[in-house]
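To keep things clear, I will list the structure first and then write my remarks on it.
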Amino acid sequence: MVRRLAPGAVRATQRRTVTATVTPPVAVPLALERRYPQVVARFPRVGLTRLPTRVHALSQLARQVGVAHLWIKRDDESGALYGGNKPRKLEFLLGEAGMRARRRC
């Protein structure tokens, strides 16, 4: 017999694993913010991601495609539960909402 959980329900063992592995990211200044400090005041952000992420060389794929060098940025490593450019945009949306003292974007 398969036991089904209600939508949104999480088993206690899963909850324990997630909370044990997730630590809040620190808002490390982006390269753009370090180069142009005036950007920080104009575009506030909330730290949700772990940046910067690594860059990997894809030498085999580069040879197959016929280029000298091919690199990929690992945006999937920007968070423990999520990754990519959507959380990065959300950092700026939440920063703007906080600046305007709003509860909803």
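The values are calculated or read from the model by the stated rules, or taken from the named source; none is laboratory data. None of the values given here were measured: they were computed from a predicted structure. Neighbour counts run over all protein chains shown; Cβ positions are idealised from the backbone, glycine included.
Just give me the residues in segment 41-80 being among the aliphatic types (A, V, I, L, M) and in contact with a Ser or Thr (Cβ under 9 Å, 6 or more places away or on another chain), in sequence order. Passing the criteria: LEU48, LEU51, LEU70, ALA80.
Mind listing whichever residues of segment 73-105 are surrounded by 12 or more Cβ atoms within 10 Å (Cβ to Cβ), outside any helix (DSSP H, G or I) and not hydroxyl-bearing (Ser, Thr, Tyr)? Of everything in segment 73-105, those that are surrounded by 12 or more Cβ atoms within 10 Å (Cβ to Cβ), outside any helix (DSSP H, G or I) and not hydroxyl-bearing (Ser, Thr, Tyr) turn out to be LYS73, ARG74, GLY79, ALA80, GLY83, GLY84.
Residue by residue, here is whether (1) at pLDDT below 95; (2) of a type in the set (Ser, Thr, Tyr); (3) under 20 Å from the mean Cα position of the chain (by Cα) holds:
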residue: THR21; (1), (2), (3): yes, yes, yes
residue: LEU32; (1), (2), (3): yes, no, yes
residue: PHE43; (1), (2), (3): yes, no, yes
residue: VAL55; (1), (2), (3): yes, no, yes
residue: GLN60; (1), (2), (3): no, no, no
residue: LEU70; (1), (2), (3): no, no, no
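Restricting the first member to segment 72-90 and to residues that are hydrophobic (A, V, I, L, M, F, W, C), and the second to residues that are modelled with pLDDT under 85 and in a helix (DSSP H, G or I), the beta-carbon pairs closer than 8 Å and six or more apart or on different chains are ALA80/THR21; LEU81/VAL18. One residue stands out in segment 35-52 among those that are among the aliphatic types (A, V, I, L, M) and part of a helix (DSSP H, G or I): the one that is nearest to LEU81 (Cα to Cα), namely VAL40.
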